[in-house]
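> Submitted below is the structure of interest, expressed as structure tokens.
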Amino acid sequence: MSQKIMLLAVAMASIAMFVLPAAASAQDIHLEGVTSFSGSGLSSSFASQGEPTITCESSDVEGTVAAGGTTGNISLDFTGCHTTVFGFTAKCRTSGSPIDNTIKSSGVFHLITISSGKPGMLITPVVTTIVCAGISNTVISGNVLGSVTSPACGVSSKTFSTSFTGTGGLQVHTSYTGAIYHLEEVTSGGAGGLAGLTWSSTMFSSSSGVLTCT
């Protein structure tokens with residue numbers, strides 16, 4: 001049996017920069033006027049097909065925006081993480097974490113257009129190992145695609161909000177420039193499958209930024 005959760009969300013200098021397909025440049029969007037951000041999210045969940053769901057009570061997020069405003073680094077810290085197995089609640093954490101219910105991840109994000117001109121965010125986290133109840137390991141890898149809920153394209157704001165929705169172990173948004181992106185998990189027993197993340201956050205910057213979507 002396994003447990004898992006990503007994140008989400010996006011890399012330090014220790015990971016290689018995420019490279020999109022060549023066709024992606026036509027659908028990039030730009031966040032202008034912002035160099036860094038920080039914020040938080042409420043409860044989140046991570047589920048894969050046929051496996052117990054991991055739920056976290058809250059999250060913190062920080063990131064930097066690279067020159068050009070289409071990509072950058074992000075780090076995520078989920079707290080109060082647990083799963084339920086056979087009616088018992090088990091705490092979950094990332095491997096090596098000194099706190100038994102905290103899941104941390106980082107990676108690269110890319111701002112893109114998901115559908116009908118709507119802005120989105122594609123996150124490629126580092127490979128992350130989740131340990132629940134101190135015995136069950138799940139390794140998370142791949143990509144996760146969500147939407148930018150605010151600001152709207154062309155609107156100046158110091159607030160930047162995102163939403164990722166997973167259902168039945170699959171992400172709602174998976175397609176970009178003809179390619180399919182998703183999270184994958186492999187359990188300590190060798191089983192593997194697709195996974196979905198449900199998580200929303202609100203981030204703030206010290207200066208106003210504008211999403212340019214054309």
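> So residue 69 passes all but one of these: (1) modelled with pLDDT of 90 or more; (2) in a strand (DSSP E or B). Which condition number does it fail?
Result: residue 69 fails condition (2) only.
> Quick one: which of 152, 195 is under 21 Å from the mean Cα position of the chain (by Cα), assigned to a loop (DSSP other than H, G, I, E, B) and of a type outside the set (Ser, Thr, Tyr)?
Selected residue: 152, the only one of 152, 195 that is under 21 Å from the mean Cα position of the chain (by Cα), assigned to a loop (DSSP other than H, G, I, E, B) and of a type outside the set (Ser, Thr, Tyr).
> Filter the range 157-190 for residues that are among the hydrophobic types (A, V, I, L, M, F, W, C), more than 18 Å from residue 71 (Cα to Cα) and surrounded by 15 or more Cβ atoms within 10 Å (Cβ to Cβ); which is nearest to the chain's Cα centre (by Cα)?
The selected residue is 183.
> Which one is modelled with the highest pLDDT, of the residues in the range 166-191 that are farther than 19 Å from residue 111 by Cβ and small (Gly, Ala, Ser)?
166
> Continuing with the same structure: I need the full set of residues from the range 146-156 which are surrounded by 14 or more Cβ atoms within 10 Å (Cβ to Cβ) and over 12 Å from residue 118 (Cβ atoms), in order please.
151
> Given the structure, is residue 74 at pLDDT below 90, closer than 26 Å to residue 211 by Cβ and part of a strand (DSSP E or B)?
no
> Keeping to the range 48-60, report how many residues are assigned to a strand (DSSP E or B) and over 19 Å from residue 141 (Cα atoms).
Residues meeting the conditions: 3.
The values are calculated or read from the model by the stated rules, or taken from the named source; none is laboratory data. Keep in mind that what you see is a predicted model, and the values were worked out from it rather than measured. Neighbour counts run over all protein chains shown; Cβ positions are idealised from the backbone, glycine included.
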